[in-house]
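Undergrad: Below are the structure tokens for one structure; questions will follow.
The values are calculated or read from the model by the stated rules, or taken from the named source; none is laboratory data. What you are looking at is a predicted structure, and each value in this text was computed from that prediction instead of being measured. In this analysis, Cβ positions are derived from the backbone assuming ideal geometry, glycine residues included, and neighbour counts consider all displayed protein chains.
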Amino acid sequence: MKRTKLCVVTTAWLFGAIVSRTSSADASPESDARFKEAVALQKIGKLEDARQKYLQALALERAPSILLNLALLEEDANHPVEALTYLRGYLAHPQAKADKVAKLKADMLPGLVAQTAHAEIHAQPGAPVSIDGKEIGNAPLKDAVDLMPGKHTFGAGTQSKELSLSAGETKIVDITPPAATPAPPATTVAPPVSTAPSPGVDIAPPPTQPVTPRPADESSNTKWIVSGSLVGAGVVAAGIGIGFTAAAASAKSDLTAKQNALGPGACPNGSTTGQCGAVRTAADDVSSKNTASVVSYLIGGALVAGGIGTFLFWPSKDKSSSAWFAPYMDRVGAGGAFGASF
């Protein structure tokens, strides 16, 4: 049987009422109940409690009515960035009503845009982008980022930049890495001019002796190249491990936020429907990133050990003995193998 939600009067200046909705046949009962509770709390001015109920309903069902009510609530709470985020979500929702979209674009959107600052971030494609230490996605970003006016720190990979933005301003933030600087040309130094002998003095030239050039030790050069390559690859692998560790920490924060939004006991018996499926996916993501970081550290350690061992035990031309070191890794760990001949 179809049920109609209660329409309640609020102080929102744009429409004069909290948005109500008619539940569809396949609407989530849990989302429906949380929505009703949020409307009742918003009516009596308990905005923080209403916000939590709306977020729980939104986690279960991304309905346009929830997005719009959240936008109105955040505007009443003087949170223009959050209000603008939910409003953009409503305007882009395929089920949003065309007449209401047009009115919101004309009346509500310009005011929120004027209260906030906006950054178009340019960074190296694929680099993780962060603002004030919080990662927001990988470059390139499709849209400008809405921010509160003031000073912010923008980062992408190893690059960072601090800028101040004003209300209503849209600023391009370029944090792409600089191009490599070419090496300066080599300087040729002319040999000093010899002083001519005094007239009448016969100076015999010094005897010349043939100089046999010493052959270059190619083995030594190869030793440096191989050892340096192994150590360099180990450092890169360790750096990748650090990146996975940071990504796992961010994914863990996202998982905690989803679990807190649902509340205790919200996903009984391992349910994977609705937001419970999102929680399970987030947990799997945390586990996979932790595993990847551990593997990267093991590979990095094995490569660095292999580079050091190769340098120390590389055979020399004037020695009859020789030694070798080879790193290895399997499912349970990493290490190296050593051998020598005399």
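Undergrad: Modelled with pLDDT of 85 or more, surrounded by 12 or more Cβ atoms within 10 Å (Cβ to Cβ) and within 30 Å of S28 (Cα to Cα): which single residue out of T245, T281 fits that description?
TA: T281
Undergrad: Show the residue pairs meeting these rules: Cβ distance below 7 Å; 6+ apart or different chains; first residue within the stretch 267-284 and over 22 Å from A248 (Cα atoms); second residue at pLDDT 80 or above.
TA: G274/S28; G274/L60
Undergrad: Sticking with this one: Of all residues in the stretch 105-126, how many are surrounded by fewer than 19 Cβ atoms within 10 Å (Cβ to Cβ) and either part of a strand (DSSP E or B) or among the hydrophobic types (A, V, I, L, M, F, W, C) (or both)?
TA: So the count comes out to 7.
Undergrad: One residue is enough: does the stretch 201-216 have a residue meeting the conditions modelled with pLDDT under 90, among the hydroxyl-bearing types (S, T, Y) and under 30 Å from E120 (Cβ atoms)?
TA: no
Undergrad: G126 fails exactly one of the following numbered conditions: (1) at negative phi; (2) out of contact with any helix residue (DSSP H, G or I) (no Cβ under 6 Å at 6 or more places or on another chain). What is the number of that condition?
TA: The number of the failed condition is (1).
Undergrad: Moving to a separate point now. If you scan the stretch 53-71, which residues turn out to be out of contact with any Phe, Trp or Tyr (no Cβ under 8 Å at 6 or more places or on another chain), free of Cβ contacts under 8 Å to residues at least 60 places away in the same chain and in a helix (DSSP H, G or I)?
TA: Residue satisfying the conditions is L58 alone.
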